[in-house]
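As structure tokens, the structure follows; a few thoughts come after it.
The values are calculated or read from the model by the stated rules, or taken from the named source; none is laboratory data. Predicted model, so just to flag it, every value in this text is computed and none were measured. All Cβ positions, glycine included, derive from the backbone under ideal geometry; neighbour counts span all protein chains shown.
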Amino acid sequence: MSAAKGEHDWFADGPLKDGLPSIVAAAHELKSPLALIRQLSLSIEDGIFCEDEQKRMLRQISLTSESALRLTSDLTRSVRLSEALFTLEPINPQQLCEDIVHELAPFFMAHDCKMKLKTRKHPLLLIANRDLLRRIIMNFSDNALHYTEENTTVEIQIRARDRGKIIRLGIRDYGPALSTNVFESLHGKLMNASTLIHARPQSSGLGLYISGQFADAMNGSIGVKRHRNGSTFYVDLQASNQLSLL
Amino acid sequence: MKPPSILVVEDDNWLSEQFSRVLSNAGYMVHRVSNALSAIEEIDDINPDAIILDVLLTGSTAFALLHELQSYGDTGNIPIIMCTNLANELKLDDLKPYGVKRILDKTTMIPNDLTVSVRSVLS
């Protein structure tokens, strides 16, 4: 099938083209998982490792593929964001995050890490699109997994801010802190939603850029906080008034 | 005889594990770290015979580490194999003064290239 006129604009060089992620950024982001999958597959083909080791390698291949596929599907969603209508509805983030923690548990376990949700006694409601919010949290979690040290636990935190008007969902990792220059560059870029954000130096920042776009579509924003021993990437969204009406 | 020790500096944990798997299978003693700061500490501790180094790391990049290693007589002589997705943007001649002996492209290399390169820089 041939592409419609203008469709190829998207494939131009540079990280962003007309506010959209370019094929260069997407290709760069997919290089690492594909290179890993290739190395593992070639080693399995060689047949020199024991059965247990091969099983572990196969598991890593499938989990790495899943993560790369998530990115491609986020990318498609991001490019079509302006054409689509997204329903915003009151959502209990605690429930959503519990599902994500459950879904990502095998992925984290395979990396010798854990993920947990810091539960709240009093649940909060926010206004969001369930699918977009889920994608943001998944994305931040993937990012945290790269940062966090082995045998640590990545935490999802839900907090009310600005006298309960804003709900912040943060993903806290426990790895080496971002260096000052990376943090400053990130912080500056996060203030500008249309700018590509580099989470990790080797990353094109595509995942976070997409998260920024998704947050924007829900009238929210994303940001990062540096800690002595890691970082918190967060999304701020409007709180729902529904509870106060009850 | 003690096997040669290789330090793998790679922030993708599973790729690092894969490199370790391949090198251990070839008889090398492998140590792994994920960032430049830990690499410096590990180099002090184990004095590796060779280093496999990714370029873009969390925190400081490989270039900061290369500069650091060149500042000291003992570490400046450790042969380095760069292993990166950015291989086509690097020139070996530019990096030779920093102890880099080989550049491997992660996207095209086969597992055995790692062993062959290590063997070649150690000979």
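Of note:
- Residues that are surrounded by fewer than 18 Cβ atoms within 10 Å (Cβ to Cβ), among the hydroxyl-bearing types (Ser, Thr, Tyr), more than 14 Å from every other protein chain (Cβ to nearest Cβ) and not in a helix (DSSP H, G or I) do occur in the range B:3-14.
- When A:Arg168 is tested against (1) under 19 Å from A:Ala215 (Cα atoms); (2) more than 19 Å from the chain's Cα centre (by Cα), just one condition goes unmet, and that condition is (2).
- Residue that is in contact with a strand residue (DSSP E or B) (Cβ under 9 Å, 6 or more places away or on another chain), surrounded by fewer than 20 Cβ atoms within 10 Å (Cβ to Cβ) and at pLDDT 90 or above, where the choices are B:Asn25, B:Asn47: B:Asn47
- Selection within the range A:214-235 - farther than 18 Å from A:Thr152 by Cα and in a strand (DSSP E or B): A:Ser221, A:Ile222, A:Gly223, A:Val224, A:Lys225, A:Tyr234, A:Val235
- Residues of the range A:118-167 that turn out to be surrounded by 13 or more Cβ atoms within 10 Å (Cβ to Cβ) and within 14 Å of chain B (Cβ to nearest Cβ), as a count: 10
- For the range A:96-106, the criterion of being in a helix (DSSP H, G or I), assigned by TED's automatic domain parsing to the domain that holds A:Phe214 and touching a Cys at 6+ places or on another chain (Cβ under 9 Å) is met by none of the residues.
- Residue match in the range A:57-80 (condition: away from chain B (no Cβ under 12 Å) and outside any helix (DSSP H, G or I)): yes
- Yes/no for B:Ala64 being over 13 Å from the mean Cα position of the chain (by Cα), within 14 Å of chain A (Cβ to nearest Cβ) and hydrophobic (A, V, I, L, M, F, W, C): yes
- When A:Glu184 is tested against the conditions (1) modelled with pLDDT of 90 or more; (2) out of contact with any strand residue (DSSP E or B) (no Cβ under 6 Å at 6 or more places or on another chain); (3) not small (Gly, Ala, Ser), the lone failure is (1).
- Subset tally (residues that are part of a loop (DSSP other than H, G, I, E, B) and surrounded by 17 or more Cβ atoms within 10 Å (Cβ to Cβ)) for the range B:84-102: 3
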